[in-house]
Amino acid sequence: MLGSYGHLARIFDIFARHSVSVDVLSTSEVSVSVTIDRTERLAEIVRDLQSLGSVRLLNDQAILAVIGRNILGASWAGEAVLRALRGVPLSMLSLASTGLNMSLVIAESQADDALRALHHELFEVERET
C-alpha cells in the first residue's frame, strides 16, 4: 500500500461487491483496519482481500463512540478518553475529521467496564474552566 494509489478503492470495491458496508475505518501508510456489522459474507470477503495483502480478523469486538462537539479542539477530551481506558487494549481508534466522533474498538468482554469508565471520566470528573 505504501506509495501505491487506488489501494483503498480496491479494498472498498470488495466490500461493495459483497454488499457489506464498513462501520469504522482507520488507515496508515501500510495498513487498513475496518469494522463491519454483517458477517454473512465474511469468508468471501476475506478470500478477496487476501489477493491484496495479508488479512487478520478480530472477533468479539465492540465499538465505543465518544460523540460531542469539538472533541479535537477540547484539549482535555482525548486525554480523558485515554485515561479512562488505561489498561484496556485498543484494537482500533478512529477520530472523525469533523471532531465530532471518536470511535474506539475494544474486546467485547471489556465494553461494559470501559463504558462506565468513560462515563465517569467524561461526565463525573470536575474540571477547572
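Among the listed residues SER31, SER19, identify the single one that is surrounded by fewer than 11 Cβ atoms within 10 Å (Cβ to Cβ) and of a type outside the set (Phe, Trp, Tyr). Please lay out each step first, then the result.
Details: SER31 fails: surrounded by fewer than 11 Cβ atoms within 10 Å (Cβ to Cβ).
Going through SER31, SER19 in turn, just one is surrounded by fewer than 11 Cβ atoms within 10 Å (Cβ to Cβ) and of a type outside the set (Phe, Trp, Tyr): SER19.
Mind listing whichever residues of region 1-16 are out of contact with any strand residue (DSSP E or B) (no Cβ under 8 Å at 6 or more places or on another chain), open to solvent by 40 Å² or more (accessible area, probe 1.4 Å) and part of a helix (DSSP H, G or I)?
ALA9, ARG10, ASP13, ALA16
Report, ordered by the first and then the second residue, all pairs with beta carbons closer than 7 Å, sequence separation of six or more or different chains, a first member in region 43-61 that is under 13 Å from ASP13 (Cβ atoms), and a second member that is of a type in the set (A, V, I, L, M) and open to solvent by 50 Å² or more (accessible area, probe 1.4 Å).
Going by the 7 Å Cβ cut-off, the qualifying pairs are LEU49/VAL55.
The values are calculated or read from the model by the stated rules, or taken from the named source; none is laboratory data. Small disclaimer: the values here were computed from a predicted structure and weren't measured. Note: ideal-geometry Cβ built from the backbone for every residue, glycine included; neighbour counts use all protein chains shown. All accessible areas refer to the heavy atoms of the entire protein, side chains included, with ligands and DNA or RNA removed. Shrake-Rupley method; radii C 1.70, N 1.55, O 1.52, S 1.80 Å.
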